[in-house]
Structures are given as structure tokens and as C-alpha cells.
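**Q** Sending over a structure as C-alpha cells; questions will come in a sec.
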Amino acid sequence: MDLASIVKELNLKVECGKDQLTQEVSGGYVGDLLSDVMANSKEGNLWITRQTHQNIVAVASLKELAGIILVQGKGPEKDTLEKASKEGIPLLVTDLHTFEVAGKLYKLLS
């Protein structure tokens, strides 16, 4: 499923990376510990997190993730948004809690 379809189905707000929404999403990963995401996420995953600082962009870029969903309505910090725009990493925001968005994403990708 492409990222644009997921954005539409989950009613996600696209903070940046609108030009990257054609990429395919291979799965999802939930985690707030950066070292855990670096060790266990896979290329093409959509990362769900509460973290909003710029280091999430570095991890997403390193792991070649499809994008990052920020939960509970918390948007990215200014420097995070700037770095994500520069790196071409889609940042998406939802008011949903992690459990809820993860379940909905799982259902879409199954």
C-alpha cells in the first residue's frame, strides 16, 4: 500500500514530505527508544512514535523508513520539520494514541 493511501485512510496530517507519498509501505514499527528502532525496524516501515525531536529524522533516514507518524496530536519541533524536509522524510501527525493507530495500520497492511 502506498503512503498516500495510508494518509487518507488514517486521516493523517502531512507536516512535510508530500512529494514522498507515492512510496510503498512494507510494514510498521512502534517505538520511542531510538536504539530499538535502529536495531529492529526495516526499510519501508512506517514508524509510529511520540518522539518529536530531530534525531527521529536521522534514524528514519538511516533505516530508509517510509515515514514517521507522530501520535497524540503532537506536531514536530521546528528543527525536526526542517531536517525532515531536507532529508525527504514524511512527517505525519494523528490525534490517535499509539495503540489505536498501530492497530489501524496493521489492519490496512494485512
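**Q** Across segment 16-32, which residue is nearest to the chain's Cα centre (by Cα) among those that are over 24 Å from ASP79 (Cα atoms) and open to solvent by less than 50 Å² (accessible area, probe 1.4 Å)?
**A** GLY28
**Q** Only one of these conditions is not met by THR49: (1) touching a Gly at 6+ places or on another chain (Cβ under 8 Å); (2) of a type in the set (Ser, Thr, Tyr); (3) open to solvent by 30 Å² or more (accessible area, probe 1.4 Å). Which number is it?
**A** (3)
**Q** Among the residues of segment 7-35, write down those that are of a type in the set (S, T, N, Q), part of a helix (DSSP H, G or I) and in contact (Cβ under 8 Å) with a residue 40 or more places away in the chain.
**A** Hit for segment 7-35 is GLN20, nothing else.
**Q** Checking GLY44 against (1) closer than 16 Å to ALA4 by Cα; (2) over 11 Å from the mean Cα position of the chain (by Cα), which test does it fail?
**A** The single condition GLY44 does not satisfy is (2).
**Q** Please go through segment 76-99 and give me each residue that is open to solvent by less than 20 Å² (accessible area, probe 1.4 Å) and not β-branched (Val, Ile, Thr), ordered by number. Give the derivation first.
**A** Of the residues in segment 76-99, the ones open to solvent by less than 20 Å² (accessible area, probe 1.4 Å) are 80, 84, 89-94.
Hits for segment 76-99 are ALA84, PRO90, LEU91, LEU92.
The values are calculated or read from the model by the stated rules, or taken from the named source; none is laboratory data. Given the structure is predicted, the values throughout are model-derived calculations rather than measurements. Neighbour counts run over all protein chains shown; Cβ positions are idealised from the backbone, glycine included. In case anyone asks, the SASA skips ligands and DNA or RNA and just uses the protein heavy atoms, side chains included. Shrake-Rupley method; radii C 1.70, N 1.55, O 1.52, S 1.80 Å.
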